[in-house]
1. Restrict the check to the stretch 154-170 and report whether at least one residue is out of contact with any strand residue (DSSP E or B) (no Cβ under 7 Å at 6 or more places or on another chain) and crowded, with 17+ Cβ neighbours inside 10 Å.
2. List the strands (runs of 3 or more DSSP E) that sit entirely inside the stretch 246-346 and contain at least 3 residues that are under 21 Å from the mean Cα position of the chain (by Cα) and either assigned by TED's automatic domain parsing to the domain that holds residue 194 or within 16 Å of the ligand (Cβ to nearest atom) (or both).
3. Right, residue 201: surrounded by 14 or more Cβ atoms within 10 Å (Cβ to Cβ), more than 15 Å from residue 287 (Cα to Cα) and out of contact with any helix residue (DSSP H, G or I) (no Cβ under 8 Å at 6 or more places or on another chain) or not?
4. Write out, first by first residue and then by second, each pair whose Cβ atoms fall under 8 Å of each other, whose residues are 6+ apart or on separate chains, and whose first residue, in the stretch 108-125, is without any contact (Cβ under 8 Å) to a residue 60 or more places away in the chain while the second is outside any loop (DSSP other than H, G, I, E, B) and surrounded by 17 or more Cβ atoms within 10 Å (Cβ to Cβ).
5. Taking the stretch 347-360 on its own, how many of its residues are over 25 Å from residue 302 (Cβ atoms) and either assigned to a helix (DSSP H, G or I) or not assigned by TED's automatic domain parsing to the domain that holds residue 381 (or both)?
6. Determine, yes or no, whether residue 359 is within 21 Å of residue 415 (Cβ to Cβ) and surrounded by 23 or more Cβ atoms within 10 Å (Cβ to Cβ).
7. Which members of the stretch 161-181 meet the condition of being without any contact (Cβ under 8 Å) to a residue 24 or more places away in the chain and closer than 15 Å to residue 204 by Cβ?
8. Pull out all pairs, ordered by first then second residue, where Cβ-Cβ is under 7 Å, the residues are six or more apart or on different chains, the first lies in the stretch 433-445 and is farther than 16 Å from residue 414 by Cβ, and the second is part of a loop (DSSP other than H, G, I, E, B) and at pLDDT below 95.
Ligand code: SAH
């Protein structure tokens with residue numbers, strides 16, 4: 001990225017951040033905290049009447065009501081077979097209100113949810129797109145298809161364009177599919193163990209336009225590799241890197257261990273909150289960059305940093321939260337299990353000229369318990385565990401380090417609620433909570449909770 005480009009992106013971000021702040025202030029003044037209530041009522045009368053019937057452990061399923069689509073709202077022709085989007089074809093505002101209600105209920109024993117932050121344009125937000133490839137025979141006709149596994153099976157449902165995926169990523173996958181025949185690349189068949197290409201993964205960086213393509217093969221050799229790369233890049237000059245990933249295991253995991261870069265640098269760079277981040281194929285990176293900025297901003301505001309704190313960024317991925325918070329902290333310590341992500345994090349700190357941060361490759365629980373044993377302290381702990389939530393070991397150690405504030409970021413409200421109950425036992429009370437619609441039209445929802453010590457249980 002050139003300096004000018006960086007400057008342009010940073011300015012754009014700062015303008016956006018100022019607008020968002022102004023918007024939030026206006027909203028605080030005028031509007032109630034449940035703006036979707038009207039829609040909820042119109043579309044889901046049964047759930048509004050009897051919320052108490054739905055237990056917290058099992059969130060209510062949306063009832064099969066006939067739903068009038070707002071004019072022009074796109075429908076997905078394969079929604080049923082795919083199963084990825086539970087609420088596609090429904091009013092977006094309704095789905096927001098519905099998710100808000102679910103999170104509100106789960107967090108009720110601990111804290112009142114302040115609201116849900118939605119998207120202005122909730123389509124085509126996914127910056128990471130994965131397609132499974134298959135060879136299908138239909139009578140005498142044979143063809144290759146690229147798409148998603150039908151829910152609960154290994155049958156590939158062809159997808160040409162998905163309403164929540166990045167459009168360019170979808171177009172690239174269609175072109176890979178189109179090129180297979182002329183390059184004589186066989187699609188891998190699980191049953192017969194014949195063929196080469198299993199999956200294609202495309203990652204796009206919204207702010208810079210850089211695109212990564214990962215060809216997941218069962219063997220490291222792609223015949224005609226150079227011409228294949230040339231043709232794909234000719235069709236999509238936005239592609240900045242292409243990798244081969246080898247996955248020869250009988251597994252439902254997409255990526256295998258080994259990878260080789262066959263074009264470009266082997267990673268892409270995106271910009272979040274005015275900082276640039278490199279992202280390797282196997283590193284975790286939030287899939288909705290628009291919502292990620294809103295989420296991080298809230299998390300950092302909740303941490304209420306003054307510049308004097310020692311901050312832990314646990315489950316830190318490529319170091320995004322810690323690096324964004326570093327200017328307001330004395331010192332940041334990041335811990336992450338995935339070695340590729342840790343390598344990215346270290347390089348990201350350097351690229352952003354952040355000197356008060358260090359990263360450790362370790363299990364977050366093991367790392368924190370070692371710190372706690374040495375009587376190390378921290379004033380703020382950010383924790384952003386995977387869907388399975390955190391561990392007792394981690395939370396015991398976090399509490400032992402006696403931070404003034406814990407900011408818990410979660411992509412699974414059920415494990416969040418479970419962990420809040422445990423942290424409550426340890427003396428940490430939830431004070432403020434926000435939901436973020438990170439995954440519009442799917443049933444998933446992100447949340448951030450501020451906890452601090454003391455007060456009644
Ligand atoms: N905070 C980052 C990443 C969040 S996703 C971001 O916002 O982008 C959760 C991360 O936890 C992933 O990078 C995953 O590799 C990591 N992880 C999973 N289990 C872990 C463990 N036991 N210890 C440390 N990190 C772990």
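The values are calculated or read from the model by the stated rules, or taken from the named source; none is laboratory data. Just so we're clear, the structure is a prediction, and the values are computed from it rather than from any experiment. For neighbour counting, all protein chains shown are included, and Cβ atoms are generated from backbone atoms with ideal geometry for every residue, glycine included.
1. Taking every residue of the stretch 154-170 in turn, at least one turns out to be out of contact with any strand residue (DSSP E or B) (no Cβ under 7 Å at 6 or more places or on another chain) and crowded, with 17+ Cβ neighbours inside 10 Å.
2. The strands (runs of 3 or more DSSP E) meeting that bar are 267-272, 275-280, 310-314, 331-336.
3. no
4. Qualifying pairs under 8 Å: 124/165.
5. Here the count works out to 3.
6. no
7. 161
8. 441/85; 441/87; 441/88
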